[in-house]
1. Would you mind ranking T79, T87 so that the residue whose beta carbon has the fewest other beta carbons within 10 Å leads the list?
2. Hey, with R₀ at 41 Å, roughly what FRET efficiency would I44 and T79 work out to, going by the Cβ-Cβ distance, to 0.05?
3. For each of L34, L8, count neighbouring Cβ atoms within 10 Å of the residue's Cβ, then give the residues from fewest to most.
4. Among I69, I44, which comes first, second and so on when ranked by fewest other beta-carbon atoms within 10 Å?
Amino acid sequence: MAGFAVNLKVVLNSDAVFGTSCKRGGGAPETCLLEDMGLEREDIEPFGHEKDKDREIFVWHTKTSTPNIAQAKKNANSTKPAPPPETYGYFVEV
C-alpha cells in the first residue's frame, strides 16, 4: 500500500470509495481510487514540484500481516527491552 495526499476538495466532491474490490490497475486500490476521483496522470504532480527545479519524491509502502498475539503478550510481560525494529540500512528519524 502506498501513501499519497489528495486535495480535500477533490475527495469531498467525489463518490469514489477506497477498497480492495477494484480489478483495474493490477488490483491496487490506490489506482482505482485516483481513477474513480476522475484524476488522470496529467492532474497529478509531486508536492513542491517546480519545472526548473528537481524535487525528491518520498513515498512509503506498508505490508499488512497477521499479528503474533502470543509473542506480543510475551514481549509485553518481559523485563528486557525489545530489540529495535529492522530499518534495512535506512536512517529512520522518529
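1. T79, T87
2. That pair, I44 with T79, gives E of 0.25.
3. Working: L34 20, L8 8.
Going from least to most buried by this count: L8, L34.
4. Working: I69 8, I44 11.
Ranking I69, I44 by Cβ neighbours within 10 Å, fewest first, gives I69, I44.
Coordinate-derived values only; no laboratory data. Owing to the predicted nature of the structure, the values given are computational and were not obtained by experimental measurement. FYI the Cβ positions are ideal-geometry reconstructions off the backbone, even for glycines, and counts take in every protein chain you see.
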